[in-house]
Every structure is written in C-alpha cells, then in structure tokens.
Amino acid sequence: MPLSEQEQRLLEEMERSLYQNDSDFVARVSRRQGRPTYTAITIGVLIGLAGVGVIVLGLVIKQPLIGVLGFVVMLGGVLFALRPGGRTPTARPTRSATSGPAARGSSRAARGSSGGSFIDRMNERWDKRNQQD
C-alpha cells in the first residue's frame, strides 16, 4: 500500500533529522549494509556456475564426494556474489546551507507557528506543555 503525500513528507523529514542528529549511527549502519558490487556479483556467478559444473561432473562419474564439493563451491560463489561491498562508500545526504537551525527558524517564521517540520511542531508542543505546568 503506497504512502500518502503527507506520510512521504513526514518520512523524508524524519530521515533528514536522523542524518543531522545521529550521524554516528547512520555511518555505523550504512557501513554494514553496503550494496554488492558488479564485480563481486560477476565473480560469484562464475564461481557458482563452476560449482554446478563440478556437481554435474560428480554425477557423470558417479562420485558423490565430487558432487558435494561442487555444491560447496556453488554455495561459496553465491555467498561471494551476495556479500556487501566494503570499498565503495554509500551516498549520504549532505547538509546544505539552508538546512541549519537559522534557516529552520526563518522558515518557521515565514510559515507561521502552525507550519514547520514534524520535529519542530513536536518541540513547540513540548515547550507549551512545560510552560503550562
């Protein structure tokens, strides 16, 4: 089920806030979840095909040990192809000059107190709640 336009904006704002406020966490998570490189996929597929060939060879000459060895080679090729790429850094959004606190304050003033990002509105509600107590 697709997200509504408001939900997409909210999700994008939360993502930007995460990148700005907890950059250490983002760096740690993105390091672990790299995308496989095309070279690794190609080599892994070739190793997997070689493993299938060894399995077929084991069947032809009726040697189960060679078939098991072929399976291990094929499995290794698949795991190699699916491993995350460690050398290429993942793209991270950069902070622009307009995303700082001063820009947020000026945009809030331009839109009025009811506008602003989700985080800004939650902070305003929290401040109002604390002022009433």
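The values are calculated or read from the model by the stated rules, or taken from the named source; none is laboratory data. Remember, it's a predicted structure, so these values are computed and weren't measured experimentally. All Cβ positions, even for glycine, are placed from backbone atoms using ideal geometry, and neighbour counts span all protein chains on display. Areas reflect the complete protein model, heavy atoms only, side chains present, ligands, DNA and RNA absent. Shrake-Rupley method; radii C 1.70, N 1.55, O 1.52, S 1.80 Å.
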Checklist outcome for this item: When every residue in region 118-133 that is polar (S, T, N, Q) and at pLDDT 80 or above is compared, the one least open to solvent (accessible area, probe 1.4 Å) is Asn123
Checklist outcome for this item: Picked from region 26-64 (must be among the small types (Gly, Ala, Ser) and modelled with pLDDT under 85), the residue surrounded by the most Cβ atoms within 10 Å (Cβ to Cβ) is Gly34
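Could you please find all residues in region 65-74 being closer than 29 Å to Pro84 by Cα and open to solvent by 80 Å² or more (accessible area, probe 1.4 Å)?
The first filter runs over region 65-74 and keeps only residues closer than 29 Å to Pro84 by Cα, leaving 67-74.
Answer for region 65-74, where residues must be closer than 29 Å to Pro84 by Cα and open to solvent by 80 Å² or more (accessible area, probe 1.4 Å): Val68, Leu69, Phe71, Val72.
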Checklist entry - Name the pairs: first residue in region 5-17 and assigned to a helix (DSSP H, G or I), second residue at pLDDT below 85, Cβ to Cβ under 6 Å, at least 6 apart or on different chains? => result Leu10/Phe118; Glu13/Ser117; Glu13/Phe118; Ser17/Ile119
